[in-house]
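A quick write-up on the structure given underneath.
Computed from the coordinates by the stated procedures, all read-outs in this text should not be read as laboratory data. Quick caveat, the model's predicted, so the values are computed rather than measured. All Cβ positions, glycine included, derive from the backbone under ideal geometry; neighbour counts span all protein chains shown.
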Amino acid sequence: MLNREEIRKNLNLIFQDVFDDTTIEITDEMSAKDIEDWDSLAQIDLIVASEGTFNVKFGISEIAQLKNIGDMLDLIERKLCQ
Amino acid sequence: MIPIKQYTYDEITLGQVANFAVTITEDMMSKFRDISGDVNPLHISEDFAKDKGYTGRVVYGMLSASFLSTMAGMYLPGENCVIHAVEVKFPLPVYLGQTLTFTGEVVSKVDAYNTIELKVSATNSNNQKVLRGKIRAGVLK
């Protein structure tokens with residue numbers, strides 16, 4: 001199973017791909033206000049790519065509770081443990 | 001008039017396919033030219049197009065792509081569609097009078113957002129792919 005750092009590396013690649021920006025380095029505190037193009041459509045892109053990469057499914061209530069990338073990493077970590 | 005499909009999100013399955021055929025006419029080209037204001041000679045001058053190495057006037061790529069709206073809005077999912085994003089590529093030119101067969105296949109569903117993704121393509125009568133891409137569409141409840 002992937003550890004948190006491995007999840008972060010994969011999630012970072014997803015962010016770089018979705019925003020077409022190889023300079024993005026995600027941190028736990030980062031949120032939509034820190035990335036200019038992180039709008040509702042980009043959010044769907046991130047969820048689709050994350051579900052595919054980590055082979056998990058997210059519920060709308062789980063997504064609604066995400067406040068930043070740290071929460072996203074927590075959620076993916078929890079999903080992978082299930 | 002094409003009967004509009006009325007799929008709900010739950011009725012749509014991975015691998016589901018829709019297809020239809022369209023023949024590109026002079027009338028379509030004229031209307032597209034008038035709406036878009038694109039009077040590039042590649043689309044309106046036979047001589048110019050031939051001089052550039054094409055066999056005739058090239059159909060507007062975005063005219064071919066406009067049928068992706070038909071795919072999503074009329075066929076899959078149909079009435080409950082709201083298009084979020086379209087990606088399209090044009091591997092070969094389309095010429096006036098050609099009949100294109102459009103195919104859309106559901107390749108992913110995102111339950112959290114009631115959203116589907118279609119892999120789409122259009123082929124000419126020689127079975128050559130002239131358009132390929134993706135549509136992401138929300139399915140209204």
What share of all Cα pairs of the protein assembly as shown, in percent, falls into each consecutive 10 Å distance bin?
7, 27, 26, 21, 13, 5, 0
Placing +1 on the Cβ of each Lys and Arg and -1 on the Cβ of each Asp and Glu in the protein assembly as shown, which of A:MET30, A:LEU41, B:MET29 has its Cα farthest towards the positive end of the resulting dipole?
B:MET29
Would you kindly compute the Cα radius of gyration of chain A and its largest Cα-Cα separation (Dmax), both in Å?
11.6, 33
Answer in debye to the nearest 20: the dipole magnitude of chain A about its Cα centre, from +1 Lys/Arg and -1 Asp/Glu charges placed on Cβ, is 440 debye
Can you tell me which aspartates and glutamates have their Cα less than 14 Å from the Cα of B:LYS134? Leave out same-chain residues fewer than eight positions away.
A:ASP45, B:GLU87, B:GLU105, B:GLU117
Extending each Cα 7 Å along its Cβ direction at B:THR13 and B:SER125, get the distance between those two points in nm, one decimal.
3.5 nm
Given N residues in chain B, what is its alpha carbon radius of gyration divided by 2.2 N^0.38 Å?
1.13
Identify all lysines with a Cα-Cα distance to A:LYS9 below 19 Å; exclude those on the same chain that are fewer than 8 residues away in sequence.
A:LYS79
Long-range amide H contacts for B:VAL130: which residues qualify at under 5 Å (H placed 1.01 Å from N, peptide plane, sequence gap of 5 or more or a different chain)?
B:ALA122, B:THR123, B:ASN124
Among A:ILE69, A:ILE24, A:ILE60, whose mean-square fluctuation peaks in a Gaussian network model of chain A (Cα, cutoff 10 Å)?
A:ILE60
Given an 8 Å cut-off on Cα distances and at least 6 residues of separation, report the relative contact order of the stretch A:1-69 as a percent.
35 percent
For a quick check: sort B:MET29, B:MET1, A:MET72, A:MET1 by the number of other beta carbons within 10 angstrom, fewest at the front.
B:MET1, A:MET1, B:MET29, A:MET72
For chain B, with only Lys/Arg (+1) and Asp/Glu (-1) charged at the beta-carbon, what is the dipole magnitude about the Cα centre, in debye rounded to 20?
280 debye
By average C-beta atoms within 10 angstrom, highest first, the peptides A:2-12, B:116-126
B:116-126, A:2-12
Over the stretch B:29-141, what is the relative contact order in percent, taking alpha-carbon pairs closer than 8 angstrom and at least six residues apart?
24 percent
Ranked packing of B:33-42, B:69-78, most packed first, by mean Cβ within 10 Å
B:69-78, B:33-42
